[in-house]
Amino acid sequence: MKYLLILFLCAVLPVTAQTFNSGSTGADGALNLTTPGTVVFDPKTFSPPLDPDGDGIYHFTTITIAAGVTVRLRGDIINVPVIWLAQGAVQINGVIDSSGQDGFSANNTTQRTNTIPGAGGYAGGYPGVGSNPAGAGLGPAGGRTSCIPGDPNYGESGGFLGNQFAVPLTGGSGGGGRFSWAGGAGGGAILVASSVSIGGAGQIKANGGARTSSTGGAGAGGAIRLVAPIVNITGTLNVSGGASNYCGPTVGTLNGVVRVEAFQIGSLSVSGPLYTATPYGLFISSTGSPALRVVSVGGVPVATSPTGTFTIPDVTVNSSSPLPVAIEAANVPIGTVVTLTIFSENGPDIVAQSTALAGTLAASTATANVTLPSGFSKGFLKATFTQP
């Protein structure tokens, strides 16, 4: 009988926790929202103001959203994806809401506007009033004003073109308006990253705006990305497309994407596609998000946060001649032509094309010329381009 002797050495090593660094500098201090009610997150209202460069990146020490608090991330306040970085723990027991606005009906020009997306998403198409038609949804997969092929009496829903990695971070596109109905707006895009943990019983929403009960298209869901060593948030993470969808998007999908990256992931409740992984890197763009703004009309400066209402004008001019509209852009390719659309209470819609953007990628300018009718007018800017 033979025996085989095997010698082996065992060593017991101390258990080390896996780590992840969110990259937060802590420069913005702690974000503590504890008073019950709805809070519209506006970086300009903080003292000192947050995110002065407008890139959508915030460097917190800790984040606390208490039960009973709903934090709205609105695309008319912040027009880029929201990135919250925290050195310490993130506790969400309330609601972070970056959903798109539902479609609505307009009876007169003062009500005629695009629906409001979540921050980082795209607006739904504006409704038609009188002889002025409805508009298509905005975004790379914005819904058309008519389902073709399909029923031409309904607007097309917007699509989501992001990927399972949520890199680059992008929201959903808006649904097309149809007749007197606006399309639902797209859900926004939010990244929350912590060097410690993300937890709580709260919710995060980036769902698309509903078609409601009539003819506009629904908005597409957006993106939610959570990154930390431990993620244990028990409320719903919602990136569903807008309800009552009739005509689905031709491009992309109606639902957005949820991505959770952690070494320890608790039980998740998700409405929409879910992807999980371990943390590696955030892959935040170093150039920032594209942005457009009108600087002046006829030489009269426009406030950095215009209201765009038919109640109190942002600019008052007195001219029956063509007026130059000065436009500034950031992170939009040089040579891009900007479309300026103007709604007026006493005239048909005006669509003008600007000169090609000139300058640098970080800061460029263009000019469009328009002749405004008497009374109130409201303007919108749009640039279409391909990012590498």
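Values quoted throughout were computed directly from the atomic coordinates according to the rules given, and no laboratory measurement underlies them. Nothing here was measured: the structure is a model prediction, and the numbers come from that model. Neighbour counts are summed over all protein chains in view; Cβ atoms, including those assigned to glycine, are modelled from backbone coordinates with ideal geometry.
Return the sequence-ordered ³J(HN,Hα) values of the range 29-39 in whole Hz as given by the Karplus equation 6.51 cos²θ - 1.76 cosθ + 1.60 applied to θ = phi - 60°, using x for Gly and Pro.
Computed from phi, the couplings for the range 29-39 are x, 8, 9, 10, 10, 10, 7, x, x, 9, 10 Hz.
Would you grab the residues whose amide H sits under 5 Å from the one on Tyr246? Only those 5+ places off in sequence or on another chain, please, with H modelled 1.01 Å from N.
Ala218
Among 120-129, 188-197, 85-94, how do they line up from the highest to the lowest mean number of other beta-carbon atoms within 10 Å?
On the way: 120-129: 31.5, 188-197: 25.6, 85-94: 22.5.
Ranking the peptides 120-129, 188-197, 85-94 by packing returns 120-129, 188-197, 85-94.
Output ³J(HN,Hα) for the range 100-106: one whole-Hz value per residue in order, computed from phi by the Karplus curve 6.51 cos²θ - 1.76 cosθ + 1.60 with θ = phi - 60°, and x for Gly and Pro.
x, 5, 5, x, 8, 9, 10
Under a crude label model (7 Å from the Cα following the beta-carbon direction), how far is Phe283 from Val40 in nanometres?
Label at Phe283, label at Val40, 3.4 nm between them.
Could you work out how much longer the chain between Thr367 and Val302 gets when fully extended? Use 0.36 nm per residue separation minus the Cα distance between them, nm to one decimal. Don't jump to the answer; show the numbers that get you there.
Numbers: separation 65, 0.36 × 65 = 23.40 nm, distance 1.43 nm.
Taking Thr367 through Val302 to full extension adds about 22.0 nm, to one decimal.
Treating only the Cβ atoms of Lys and Arg (+1) and Asp and Glu (-1) as charged, compute the dipole magnitude of the chain about its Cα centre; round to the nearest 20 debye.
Details: 14 positive and 15 negative charges, 117 e Å.
Approximately 560 debye in magnitude.
Taking +1 at the Cβ of each Lys and Arg and -1 at the Cβ of each Asp and Glu, which of Ile204, Gly100, Ala119 sits farthest along the dipole of the chain towards its positive end, judged by Cα position relative to the Cα centre?
Ile204
Output the antiparallel fraction of DSSP beta bridges having both residues in the range 17-286, as a percent to the nearest 5. Display every interim value, and only then the final one.
On the way: 6 of 58 bridges.
Bridges in the range 17-286 that DSSP calls antiparallel: roughly 10 percent.
Distance from the Cα centre of the range 329-388 to that of the range 202-251, in angstrom?
First find each Cα centre; the distance between them is then 30 Å.
Report, in debye and to the nearest 20, how large the dipole of the range 249-388 comes out about its Cα centre when Lys and Arg carry +1 and Asp and Glu carry -1 on their Cβ. Mind showing how you got there, number by number?
Working: 4 positive and 5 negative charges, 29 e Å.
Dipole size: approximately 140 debye.
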